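Everything below concerns the one structure shown next.
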Protein chains: 2
Amino acid sequence: MAAARARWDTRAKPPGALGRLEALAVHLAGITAQSPPPVPIAPAVVVFAGDHGVVADGASAWPSEVTTAMVATMAAGAAAVCTFAEVVGATFRVVDVGVAGDLDGTAGIEHTKVRPGTASIARGPAMTVDEALAALAVGRDAAQRCLDGGADLLVAGDMGIGNTTPSACLIAAICGVAATKVVGPGAGLPEDRLPVKVALVEAALRRAAHVTDPVELLAEVGGLELAAIAGFYEHATASAVPVVVDGVIALASLLVADRLRPGTAARCIAGHRSAEPGASVALAHLETAPLLDLDLRLGEGTGAVLAIPLVQAAARALRDMAGLPV
Amino acid sequence: MAAARARWDTRAKPPGALGRLEALAVHLAGITAQSPPPVPIAPAVVVFAGDHGVVADGASAWPSEVTTAMVATMAAGAAAVCTFAEVVGATFRVVDVGVAGDLDGTAGIEHTKVRPGTASIARGPAMTVDEALAALAVGRDAAQRCLDGGADLLVAGDMGIGNTTPSACLIAAICGVAATKVVGPGAGLPEDRLPVKVALVEAALRRAAHVTDPVELLAEVGGLELAAIAGFYEHATASAVPVVVDGVIALASLLVADRLRPGTAARCIAGHRSAEPGASVALAHLETAPLLDLDLRLGEGTGAVLAIPLVQAAARALRDMAGLPV
C-alpha cells in the first residue's frame, strides 16, 4: 500500500487530484499485495437466492413466490443485475441456496438448495446450525468456482423476498443498535406496516440476545442466501481477490463474515449506499464510505456491479498513467 | 419521458428501486426523444487544450509549459482520462485550440489552434470576440466529427494550466456570486496564495461587470478551451445526443453554452461533483445533482468518463429488463 501511495505521488497529475480513486487503488494494492495492483478484467457476479418464513408473518409487501419468479427471470438474463453485468462485462450466475419454490426444472440456475426457505425468525430459529454451515459452504464453493474460471473481481448479490428483515436483525445484533434504526421499507412495505416489521425484528432479536457465535447467529435470525454470501466473502477475501459489496443484505452478510474471519470487511470495497437504513448503520460500523450513492434499494448486487468500472479505472490509472517529468 | 416513466413502473422490480438511475433513463428519453432511449455503445471523449495568460500573474502552482507536456502525454494515451476512456470503451481525441507551446510536430493531436494562449484576464480581455467565435466553432466542429464517426454519447474534457481562474470568473459572473465563493486551489495552489487568485478573479469580474452577451463574456474573462467546450455542448445537445458533463471547467463552459442556446444545460447529464468550489455553485445554479461524488479535481473529463457506465446501465435496464408478470 505504501508503494501504491508513492506511485500515485509520481503520476502526471496534481497530488491527490484523483480523490477517492487514489485511496481505492491503494486499497486494491493492500487486498492483492501488489503495487501497482492488477487491473481486474474478468469480474464475476453471483446472485444467491433464498426465501424467508417471516414473510408469512407480514415482513414484506410481496409473497415468497416472487423469489421463484425473479430467479427464473435472472436465469433468463432479464433482471436488472443481468443488464448491469452486461454493461460492465461481468459473468453472471444465480444460485438457489434456499428458494421455497421448486426450480429443479429451470435451466441456468445452480441447484444447491440447502432447504426450501427458512422458518419464521419471529417464532424460532431460521434454520439449524448444520444448515447455516451448509449454506456458508455453498457460498465458499461458488466463490472458488469463480476463481477457477479465472475471475479476478467478485460481486455477490441477493434475491429473496423478505430478506431485509433477517438483514436488519443481523445488523442490529452485530452493531448493537435498536430495530427501529435498521428497519426500512425494503422492497416497498407501506409505511403503516413498518411497525409490524419492527416488531418481527424485535421478537427475533430477543431470542438472539445471548448469541455471539456468527454461525449460531445466522441459524437463529439469518437467512440461507445471507449465509451463502458470508461464505462467499470469507473465501474470496482469503484468496486476495477484490470483492465489491452491495447494499443492505450484502452488508449484513459481510458483518457476519467479518465475525467468522476478522479482517474480511477491511479487505472488501463498499460499492454503494443503499437507501435502506440498515445499510448506513452497517457502513458506519465498518467505518467505510461506499463509492456510489444513487438511492438504489433493489439488491441483486446491482449497486456493487455499477461500481466495478470505478475499481478498474483506479487500478488502470495507477498502472498506466505516465510519471511526472523528472 | 412519460413513456419511459411508465415503462419503469412495469419492470420486474419494486417501484423506484433503481433510484437515480430511473430518473437518468427518463432524462435520456427526453434528450433523445425515444422510449426506451437507445443504449449508448459508442462513447467519445474529446479534450480541448488551451493556455491562460493569467498564469504569469500567479493564478496557478504550475507553469503553462505543463499544458504542452500534458497534451503530449494525452496524445501518447498516458493521461488519467485516457486510461479511464479505455476502461469504458470510449474513443479519445485531444484538440489544441489554444496551447501556448508549439505542438505542431506532435502526432495524435488535432491542430486547430485559434491563438497561443489567452492574454491575462486580470489585465484585459482574454481574446477578441472573433477569437471566441473561432474557438466556439472548433468545439462545434469537433462534436460534429464525433457524430460523423458514429459516436452516441459525448464527453468534453479540458487541459489548461490556470483554467480554474477563468472558470471561476464565468461561474461568478453567470451565477451572480462573489469570487470568494468560486475560487479554490485548482491543481494545487497553496492556501496562502488563494488570496492572489481571488484578487485576479475580482479584477477580471470588475471589467466584465457590464457584459451579458455570452460570447463577449468568453472574450473578456474566458478561455479558448472553455469556449470550445461550450460550442461542443451547444452542438451535441442540439443533435439530441446525450452529453455527460465533467467538473468545474466543463460546468463553466456549460453555463456559457446555456446562455448561447437556452435549454442546453437541461439536456446534459452532470457526471460528477468536482472538489473545486465553483463546481458546486454551478451545479446548484443549474439545479442538478451529479451522478458521482468521488472528490476528483483533475479535469480532463475524468469524472464524466467514469459516469458513462451509469448512463449505459440506466438505458440498458429500461430497455432489457423483463416486465412484471401480469
So B:L133 ticks every box in (1) without any contact (Cβ under 8 Å) to a residue 40 or more places away in the chain; (2) at negative phi but one. Which box is left unticked?
(1)
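Yes or no, residue by residue, for (1) more than 16 Å from B:I249 (Cβ to Cβ); (2) open to solvent by 30 Å² or more (accessible area, probe 1.4 Å); (3) of a type in the set (D, E):
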{"site": "B:A3", "(1), (2), (3)": "yes, yes, no"}
{"site": "B:P38", "(1), (2), (3)": "yes, yes, no"}
{"site": "B:A42", "(1), (2), (3)": "yes, yes, no"}
{"site": "B:S60", "(1), (2), (3)": "no, no, no"}
{"site": "B:V81", "(1), (2), (3)": "no, no, no"}
{"site": "B:E86", "(1), (2), (3)": "yes, yes, yes"}
{"site": "B:V97", "(1), (2), (3)": "no, no, no"}
Just a yes or no: is a residue in region B:102-113 open to solvent by less than 50 Å² (accessible area, probe 1.4 Å), under 19 Å from the mean Cα position of the chain (by Cα) and within 21 Å of B:T165 (Cα to Cα)?
no
May I ask you to verify whether B:E220 is out of contact with any strand residue (DSSP E or B) (no Cβ under 9 Å at 6 or more places or on another chain), within 14 Å of another protein chain (Cβ to nearest Cβ), crowded, with 23+ Cβ neighbours inside 10 Å and within 21 Å of B:F48 (Cα to Cα)?
no
How many of the residues in region A:135-146 are more than 13 Å from A:P166 (Cβ to Cβ) and open to solvent by less than 40 Å² (accessible area, probe 1.4 Å)?
7
Test: residue in region A:90-104 that is at negative phi and at pLDDT below 95
yes
Given the criteria part of a strand (DSSP E or B) and not β-branched (V, I, T), does B:A172 qualify?
no
Within region B:60-83, how many residues turn out to be at the interface with chain A (Cβ under 10 Å from one of its Cβ atoms), of a type outside the set (A, V, I, L, M, F, W, C) and within 24 Å of A:A314 (Cα to Cα)?
3
Output for region A:84-128, where each listed residue is outside any loop (DSSP other than H, G, I, E, B) and more than 9 Å from chain B (Cβ to nearest Cβ)
A:A85, A:T91, A:F92, A:R93, A:V94, A:V95, A:D96, A:V97, A:G98, A:E110, A:H111
With the requirement that a residue be under 21 Å from A:R140 (Cα atoms) and of a type in the set (A, V, I, L, M, F, W, C), what does region A:86-118 give you?
A:A90, A:F92, A:V94, A:V95, A:V97, A:V99, A:I109, A:V114
Give me a count of the residues in region B:247-270 that are within 12 Å of the chain's Cα centre (by Cα), more than 14 Å from chain A (Cβ to nearest Cβ) and under 24 Å from B:A25 (Cβ atoms).
6
Restricting attention to region A:31-65, which residues are in a helix (DSSP H, G or I) and of a type in the set (D, E, K, R)?
A:D57, A:E65
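One line per residue, one yes/no per condition, for (1) open to solvent by 40 Å² or more (accessible area, probe 1.4 Å); (2) among the aliphatic types (A, V, I, L, M):
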| site | (1), (2) |
| --- | --- |
| B:L200 | no, yes |
| B:D213 | yes, no |
| B:L251 | no, yes |
| B:H285 | yes, no |
| B:P290 | no, no |
Identify the residue in region A:5-25 that is within 14 Å of chain B (Cβ to nearest Cβ) and free of Cβ contacts under 8 Å to residues at least 40 places away in the same chain and, among all such residues, is least open to solvent (accessible area, probe 1.4 Å).
A:A17
Residue under evaluation A:R273, criteria (1) open to solvent by less than 40 Å² (accessible area, probe 1.4 Å); (2) farther than 21 Å from A:I31 by Cα, criterion not met:
(1)
Go through region A:204-241 residue by residue and tally those that are within 16 Å of the chain's Cα centre (by Cα) and modelled with pLDDT under 95.
0
Output the residues belonging to region A:253-267 that are in contact with a helix residue (DSSP H, G or I) (Cβ under 7 Å, 6 or more places away or on another chain), open to solvent by 10 Å² or more (accessible area, probe 1.4 Å) and either aliphatic (A, V, I, L, M) or without any contact (Cβ under 8 Å) to a residue 12 or more places away in the chain (or both).
A:L260, A:A265
Of the conditions (1) surrounded by fewer than 24 Cβ atoms within 10 Å (Cβ to Cβ); (2) touching a residue at least 60 places away in the same chain (Cβ under 8 Å); (3) not acidic (D, E), B:A238 fails just one. Which one is it?
(2)
The condition from (1) of a type in the set (G, A, S); (2) surrounded by fewer than 17 Cβ atoms within 10 Å (Cβ to Cβ); (3) facing chain B (nearest Cβ under 8 Å) that A:A33 misses is numbered (3)
Only one of A:V66, A:V54, A:V39 is more than 21 Å from A:G299 (Cα to Cα), over 19 Å from the mean Cα position of the chain (by Cα), modelled with pLDDT of 95 or more and among the β-branched types (V, I, T). Can you tell me which?
A:V39
Do the conditions hold for A:T128, that is, is it in contact with a strand residue (DSSP E or B) (Cβ under 8 Å, 6 or more places away or on another chain) and open to solvent by 10 Å² or more (accessible area, probe 1.4 Å)?
no
Out of contact with any Gly (no Cβ under 8 Å at 6 or more places or on another chain) and within 14 Å of chain A (Cβ to nearest Cβ), is that true of B:R319?
yes
Hey, can you tell me all the residues within region A:158-190 that are more than 14 Å from chain B (Cβ to nearest Cβ) and surrounded by fewer than 24 Cβ atoms within 10 Å (Cβ to Cβ)?
A:I174, A:C175, A:G176, A:V177, A:A178, A:A179, A:T180, A:K181
Could you tell me whether B:V244 is buried (at least 21 other Cβ atoms within 10 Å of the Cβ), farther than 25 Å from B:V211 by Cα and within 14 Å of chain A (Cβ to nearest Cβ)?
yes
From A:L306, A:L294, A:L310, grab the single residue that is within 7 Å of another protein chain (Cβ to nearest Cβ), within 14 Å of the chain's Cα centre (by Cα) and either open to solvent by 10 Å² or more (accessible area, probe 1.4 Å) or not basic (K, R) (or both).
A:L306
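The values are calculated or read from the model by the stated rules, or taken from the named source; none is laboratory data. From a predicted model like this one, the values you see are computed outputs, not experimental measurements. Note that we place each Cβ from the backbone using ideal geometry, even for glycine, and neighbour counts take in every protein chain shown. Calculation scope for accessible area: heavy atoms of the full protein, side chains included, ligands and nucleic acids excluded. Shrake-Rupley method; radii C 1.70, N 1.55, O 1.52, S 1.80 Å.
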